[in-house]
Amino acid sequence: MHADSALTAKVKDYALRTLRADLVGVANIGRFEKAPLRMSPQGIMPSAKSVIVMAVHHPDAAVELGGMEHPQKIGPYAIQYVMNWRLDDMSYRMALFVEKLGFKAVPIASSNIWRYKGYKNLNEHFAADISHMHAAVAAGLCEFGYNGLAISPEFGARNRFVSIICDAELSPSPLLEPGSVCDNCMLCAKHCMSGALTKELDGWNFVEIEDKKYKYVKKNLWRCAWGEHFDLDLDLKIPEKVTEETIIEHVKQYGLRGGEMGSCLRYCLPKALRYWDRTYTNAPRRKKHTSQIQGVFHRGLLEELHSIGAVWGADTVIVSDSEALNGVNMTDYLPGAKRAVSILYSQKAGNISSFPEEANPYSRPGSGVRYILEQSAYDACRLLERFGYEAVTLTEFQEESLLASLGTGNPAGKQISSLTLFTNAELPLTERSLPAPAAISEPSPEKLRKLLEESISKFEGDAMGVSSCKRMDELCDQLEKYYGDDEFLDAKDKALRFYSFEPEISVKKRRVLRPSDYLPGAKSIVVIGLRVPEQIAEATARNEAEAVGPCAFAQYESVVRLRLIATNLQKLLEDNGFNACFAFDMSNTSSVTGNPRGEQPDAFSNNFAAFAAGLGRLGKCGALITPKNGTNMRFVALICDAPLPEDALLDDPALNESCSTCNACVSACPTGAFGDEIKIELGGLRESLRKIDRKKCDWAKRYSLSAEEGNKYLGWKLDESVPETIDDKSLDAALRKQPPIPKYRPCNFESCLMACPHTRTQSQP
Ligand code: B12
């Protein structure tokens with residue numbers, strides 16, 4: 001079958017114009033022929049045909065001014081974490097976009113998921129599911145530098161990447177010639193403080209892709225990770241040989257200093273782009289692809305700058321000069337700075353007080369605001385650079401001084417958050433107040449519902465259902481009988497990363513939460529659903545790669561996306577005079593799953609709220625089965641005091657009738673957590689599911705103690721069988737056996753769900 005150039009153009013257009021990628025390329029599967037099978041697209045998804053690779057670049061000022069004093073004082077280079085969140089957003093959305101076009105896709109996370117010591121016959125250490133560097137080279141975006149980074153002609157090493165595997169036959173991008181970007185200037189080796197590019201070298205890594213043979217130095221990744229990942233002080237005397245054991249010893253002996261800005265990246269620019277300006281920085285500077293015209297502004301720049309916030313949901317963008325900021329010296333943050341550009345976000349103040357402490361931390365009001373500000377500021381920096389200017393954010397500037405400088409004209413009862421960037425663009429100054437809230441006149445329930453639906457589709461949500469709080473309360477009364485006062489063990493690790501696990505366990509009782517526990521006077525619950533790319537379940541712990549990373553990625557990224565949608569809907573309702581908040585486990589009847597980004601709401605979270613909102617039927621394991629996506633959907637519940645038209649319950653018995661004769665989920669559970677039957681009745685519908693013993697379930701999916709539930713696929717050697725009695729003592733003893741280095745990045749999944757025919761095909765294809 002021939003590559004589909006029209007489809008390729010559609011994918012690239014979505015990448016560049018909607019997802020705001022700086023570069024996009026495609027590799028056909030043949031280019032991964034020589035990749036280790038367990039970290040290859042074909043190893044993860046045997047039907048893979050293409051890999052889509054996108055890049056976003058580091059704003060130059062973040063690289064040139066970050067780590068200037070010391071690589072472990074990274075300063076504005078902290079933008080790399082914002083870039084990771086951005087790449088995760090792009091990867092997840094591209095997979096859903098490709099799925100909507102009728103193809104299969106598996107998105108790969110930007111970083112933070114890898115097998116420290118390989119897996120089975122995969123001998124590579126620090127091996128991700130897919131190496132984005134190799135994918136970026138295979139997709140023609142880059143070649144390898146001596147330092148092993150993927151370097152592009154446009155940005156050198158100053159770009160991060162993400163890859164999406166799919167079975168669409170897309171047109172591959174032309175490959176770059178080996179040696180066409182890296183000129184072996186050796187600045188990376190000269191400045192790498194861990195000595196990873198000069199010591200313990202083991203010859204070259206050769207990477208053959210089609211007729212091209214790329215090479216980069218074979219370094220000791222444990223040495224490379226000394227400061228970067230293990231936060232060990234780079235000023236310490238680093239031993240001649242660095243191994244996992246050396247790292248653990250030094251962590252115990254000297255503690256952690258902090259993350260490192262890779263000097264390999266900081267000093268790596270193609271000859272054609274680099275120049276020196278030691279009055280500005282001790283790193284090479286990058287020539288921009290555009291130049292400024294003194295005093296003449298491209299009004300497209302101004303319009304796009306002021307619209308950037310709206311894409312993410314921020315209120316407005318304010319441009320200040322030093323005077324407006326009461327004399328703040330902007331050049332402290334960016335030499336030559338002329339303006340401060342501040343992204344503002346306002347929300348109703350004071351509805352935090354009543355928030356139930358049991359609620360999942362991702363549900364805490366305001367938790368989504370920082371994400372909106374950071375993504376908007378990152379886009380603003382890249383936009384200004386596109387027009388030849390410098391721009392930097394995440395500086396030490398105190399936002400309080402901006403907020404103090406704003407006029408008193410701002411609406412009372414509003415809490416304002418902001419994030420400022422500095423630029424040498426002498427932009428026109430702006431008003432210094434918030435625009436009036438985007439309220440609709442006479443917001444009837446129907447109009448309001450329509451507005452919510454439009455906002456959900458703007459943010460690419462997939463489903464919406466509304467339940468009255470009356471109906472939800474009726475359901476919670478029944479759930480109280482089964483879940484009320486459930487005892488569970490809440491274990492925290494007192495030890496720092498890379499130290500042995502030190503459990504602090506508290507025995508708690510579960511409280512079934514009702515809408516009024518979140519918001520007195522609540523009237524409606526809007527449940528928003530977001531698809532999980534279906535191929536993720538199909539690939540989980542299966543095929544040659546037996547990858548568990550994509551599943552862990554979807555667990556956290558679906559929460560990030562749903563929180564973005566819920567934060568914007570909360571604002572929309574507040575702007576129209578209502579109150580709202582959101583929750584990831586509204587009834588507090590579920591738990592959390594161990595994840596590389598911290599514990600995430602498990603796959604059962606908001607199942608009852610989604611059922612009450614008419615979005616599906618409940619399966620035997622308690623997961624919600626939706627008409628189009630089976631159990632591959634995740635939900636956030638928005639609780640509000642707006643009287644919205646309620647949806648009917650989904651009276652489609654065919655959805656879960658197979659559960660009455662199927663026991664796959666129950667028998668797949670590694671800890672035998674399924675207990676007695678739960679019977680609930682709502683609006684004439686009767687549901688039957690099995691009660692989950694939370695202690696047994698958490699043993700596996702929360703505390704990573706059952707190999708089958710995820711840890712073995714990361715190469716851990718831990719499989720604690722469930723003791724007769726799970727109490728704080730037995731859990732304490734088991735947790736202390738977690739491996740000190742990989743322990744904080746578990747990739748656990750619900751085996752019961754993976755055994756369910758509503759989740760994935762069950763017989764191996
Ligand atoms: C693990 C990891 C680390 C580790 C190890 C680094 C490393 N070089 O592998 C540590 C913690 C040290 C690290 C540090 C940094 N990282 Co890091 N990290 C990763 C991560 C998660 C996995 C990398 C991986 O799998 N490496 C592959 C290793 C295991 O294999 P290898 O031995 O080099 O490869 C052999 C085989 O595996 C085989 N192979 C593998 N895949 C393929 C494919 C094909 C087609 C073929 C033929 C062969 C082949 O080829 C090699 C030779 O045999 C990626 C994200 C991702 N998913 O890619 C980010 C990533 C590599 N990191 C990145 C960055 C920016 C950094 C830092 C600069 C951050 C900083 N502090 O400033 C530093 C410095 C890194 C450096 N100089 O290497 C970026 C690199 C961007 C770029 N321009 O290249 C990435 C891609 C993240 C991103 N989303 O952009 N990182």
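The values are calculated or read from the model by the stated rules, or taken from the named source; none is laboratory data. Here the structure is a predicted model, which means the values were calculated and not measured. FYI the Cβ positions are ideal-geometry reconstructions off the backbone, even for glycines, and counts take in every protein chain you see. The protein model used for the area step is the full one, side chains on, heavy atoms only, and it has no ligands, DNA or RNA in it. Shrake-Rupley method; radii C 1.70, N 1.55, O 1.52, S 1.80 Å.
Just a few scattered comments:
- Between A349 and S401, the FRET efficiency estimated from the beta carbon spacing at R0 = 22 angstrom works out to 0.65.
- Projecting the Cα atoms of S173, P739, V722 onto the charge dipole of the chain, computed from C-beta unit charges around the Cα centre, puts S173 farthest toward the positive end.
- P(r) weight above 12 Å for segment 510-550, C-alpha pairs, percent: 71 percent
- Difference of contour (0.36 nm per residue) and Cα-Cα distance, D202 to N123: 26.9 nm
- Carbon/sulfur fraction of accessible area - the chain, other protein chains in place, 1.4 Å, %: 52 percent
- Residue-by-residue Karplus 3J(HN,Hα) for segment 653-669, coefficients 6.51, -1.76, 1.60, Hz, glycine and proline x: x, 4, 4, 10, 5, 5, 5, 5, 10, 10, 10, 3, 5, 4, 6, 7, 6
- Full extension of the chain between E454 and S307 gives 51.1 nm of extra length, using 0.36 nm per residue less the Cα-Cα distance.
- Neighbourhood net charge (13 Å Cβ-Cβ; Lys/Arg +1, Asp/Glu -1) for Y275: +4
- Net charge contributed by nearby residues that have their C-beta within less than 12 Å of D575 (K/R +1, D/E -1): +1
- Extension gain from E210 to Y275, taking 0.36 nm per residue of separation minus the Cα-Cα distance: 20.0 nm
- Computed over neighbours whose Cβ is under 10 Å from that of F126, the net charge equals +1, Lys and Arg +1, Asp and Glu -1.
- Cα-Cα over 20 Å, subset of K213/K288; K117/K737; K117/K712: K213/K288
- When Rg and Dmax are taken over the Cα atoms of segment 445-754, they come to 19.3, 56 Å.
- Protein heavy-atom accessible surface, 1.4 Å probe, per residue over the chain: 38 Å².
- Reachable aspartates and glutamates, given that their alpha-carbon falls under 16 Å from the alpha-carbon of K447 and they are not under 8 places away in the same chain: E574, D575, D641, E646, D647
- The chain - charge dipole about Cα centre, Lys and Arg +1 at Cβ, Asp and Glu -1, debye rounded to 20: 1300 debye
- Computed from point charges on the beta carbon alone (+1 for Lys and Arg, -1 for Asp and Glu), the dipole magnitude for segment 493-580 about its Cα centre is near 520 Debye.
- Solvent accessible area, Å² - K348, 1.4 Å probe, full protein context: 60 Å²
- For M464, distant residues with modelled amide H under 5 Å away: G529
- Placing unit charges on the Cβ atoms of the charged side chains and taking the dipole of the chain about its Cα centre, the candidate lying farthest along the positive direction among F387, P36, L562 is P36.
- Accessible surface ranking that places the most exposed of D88, D332 first, with a 1.4 angstrom probe: D332, D88
- For segment 300-423, the Kirkwood radius over C-alpha pairs fed into Stokes-Einstein at 25 °C and 0.890 mPa s yields D = 159 µm² per second.
- Rounded D (µm²/s) - the chain, Kirkwood Rh over Cα pairs, Stokes-Einstein at 4 °C, 1.567 mPa s: 47 µm²/s
- The helix-based estimate of mean residue ellipticity at 222 nm for the chain, built from -39,500 (n - 2.57) per DSSP H run of four or more residues and divided by its residue count, is -8000 deg cm²/dmol to the nearest 500.
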